[in-house]
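Visitor: Sharing a structure, written as structure tokens. Questions coming.
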Amino acid sequence: MRRFALPLLALMLASVLNSPLRADDKAMAILDKAIAAAGGAENLAKLKAASWKAEGTLNFGGNESEFTTSGTTAGPDKMRTEFEGNFGGNPFKAVTVISGDKGWRNFAGMASELDANDLANEKRNFYLSWTPVALLPMKDAAFQLASAGEEKVGEKTADVVKITGPDKKDFKLYFDRESGLPIKQVANVIGFMGEEAAQETTYGEYKSFGDIKRSALVEISRDGQKIIEQTITEFKALDKVDDATFTEPE
């Protein structure tokens with residue numbers, strides 16, 4: 001029996017080594033290509049803390065208005081965003097802060113602490129927007145990646161990766177096969193009125209911000225209706241962030 005066992009083992013080993021990559025291996029290869037294209041792991045690692053500014057237009061209920069926004073992050077559980085816009089001729093400002101298992105929102109001067117559902121939703125919205133930029137967080141054990149074939153995004157061929165986030169919810173990220181960079185994301189999210197919506201985000205006009213390349217044009221649609229178009233005007237890694245940034249907004 002032993003003389004047959006060794007050749008059989010060798011045959012099985014050769015079959016494994018010569019077989020196509022497992023789905024997770026393919027997904028990781030796609031992610032590694034994106035990381036290299038965006039500036040490399042060493043530069044992306046600097047994004048443990050970062051800030052950004054953007055401007056754009058918001059379409060809500062058929063009304064289009066201009067807005068500006070800015071944000072600061074210091075890891076997956078610390079985030080602050082500020083949003084200023086004009087709705088129906090009325091200017092307003094909104095501030096959202098996440099700090100670990102706490103979160104707050106101040107909308108048009110009305111402050112409130114986020115309940116468990118709202119906090120979970122804000123954390124999901126954050127990682128959906130942040131992972132296609134920072135990329136490295138998807139190598140963390142909190143994320144599970146699997147190759148999901150290829151699709152056309154416009155005229156570009158995209159490699160699709162299905163990703164399960166820390167909250168065990170899935171989304172798909174589409175990587176341009178030629179450049180390696182993310183060009184689209186599809187995810188189910190909670191809409192403005194608390195309804196579940198199919199969200200599609202596209203990334204374009206990649207440019208270098210220091211040593212890091214990221215999309216400067218981001219467009220977001222929900223259930224086929226474009227709601228946001230924004231241009232990133234500033235983006236930079238930070239050495240440190242004042243802890244006061246992530247306290248309850250006044």
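Every number in this text was worked out from the coordinates using simple rules, so none of it is lab data. Keep in mind that this is a model prediction, so the values were computed, not measured. Quick reminder, even Gly has a Cβ in these numbers, built from the backbone with ideal geometry, and neighbours come from all protein chains shown.
Visitor: Could you tell me what a quarter of the Cα convex hull surface of region 179-250 works out to, in nm² with one decimal place?
Guide: 7.3 nm²
Visitor: By counting other Cβ atoms within 10 Å of each Cβ, how are Ile190, Ile35 ranked from fewest to most?
Guide: Lowest to highest Cβ neighbour count: Ile190, Ile35.
Visitor: How much length would be gained if the chain were fully extended between Val186 and Glu250, taking 0.36 nm per residue of separation minus their Cα-Cα distance, in nm to one decimal?
Guide: My answer for the length gained is 19.6 nm.
Visitor: Now a separate question. Tell me the relative contact order for the chain as a rounded percent, counting alpha carbon contacts under 8 Å between residues six or more apart.
Guide: 21 percent
Visitor: Along the Cα-to-Cβ line of Glu150, 7 Å from the Cα, sits a label point; which residues in region 174-204 have backbone N less than 19 Å from it?
Guide: 174-185
Visitor: Which whole-Hz couplings ³J(HN,Hα) result when phi for each residue of region 224-241 is put into the Karplus expression 6.51 cos²θ - 1.76 cosθ + 1.60, θ = phi - 60°, listed in order with x for Gly and Pro?
Guide: For region 224-241, the Karplus-derived couplings read x, 10, 5, 10, 9, 10, 9, 10, 6, 9, 8, 7, 7, 7, 10, 6, 7, 10 Hz, x marking Gly and Pro.
Visitor: Something else: Between Phe143 and Asp24, what length in nm is gained on full extension when 0.36 nm per residue of separation is reduced by their alpha carbon distance?
Guide: Gain in length upon complete extension: 41.7 nm.
Visitor: Nearest 500 deg cm²/dmol is fine: what mean residue ellipticity at 222 nm does the chain get from its DSSP H runs of n ≥ 4 alone, each adding -39,500 (n - 2.57), divided by its residue count?
Guide: The helix-only estimate for the chain comes to -7000 deg cm²/dmol at 222 nm.
Visitor: Would you mind listing how long the chain runs along its three principal axes, going by Cα atoms, in whole Å with the largest first?
Guide: 83, 40, 38
Visitor: Of Lys162/Lys213; Lys33/Lys93; Lys162/Lys240; Lys26/Lys226; Lys46/Lys168; Lys26/Lys123, which pairs sit farther than 29 Å apart, going by alpha carbon to alpha carbon?
Guide: Lys33/Lys93; Lys162/Lys240; Lys26/Lys226
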